[in-house]
Amino acid sequence: MHQETWESKLLKDCVRSYSSAGRGFWAPSVVKHFGIPKYERASEGHLGISELSKKVHGLAKRYYEGKDLQTREELKEVEEEIDKIVAELYGITGDELEEVKKTLRGLKGK
């Protein structure tokens, strides 16, 4: 499984909408339904997600240590980049990605 794919807010939100209370977020019974590709070193998308994942962790640490609003915006931008790459891995177009995000916001009541 390509663990960095889990950095995608989009994928996390999809799993949350699918997962019921009491089941672990990373439970195999949940994860198997999302067809997460195995990590391939030669894949430009996988390498991009890996690099952005490292960046997300650094930004998140910086944000939570100092509650820096500029860092929070940078974090959102990097999360968006990850979502776009993950969408490409799943063959989701830009318009489809926006529709999925809209639907997930609706499920969250936003």
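The values are calculated or read from the model by the stated rules, or taken from the named source; none is laboratory data. Because the structure is a prediction, the values reported are computed rather than measured. For neighbour counting, all protein chains shown are included, and Cβ atoms are generated from backbone atoms with ideal geometry for every residue, glycine included.
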Task: Meets criteria (assigned to a helix (DSSP H, G or I), within 13 Å of the chain's Cα centre (by Cα), at pLDDT 75 or above and small (Gly, Ala, Ser)) for Ala87 - done: yes
Open item on the list: With out of contact with any Leu (no Cβ under 6 Å at 6 or more places or on another chain), assigned to a helix (DSSP H, G or I) and surrounded by 15 or more Cβ atoms within 10 Å (Cβ to Cβ) as the only criterion, which of Gly58, Gly48 stands out?
Closed with: Gly48
Task: Pair list, Cβ < 6 Å and 6+ apart or interchain, from segment 41-57 residues that are within 12 Å of Leu89 (Cα to Cα) to residues that are surrounded by fewer than 15 Cβ atoms within 10 Å (Cβ to Cβ) - done: His46/Glu40
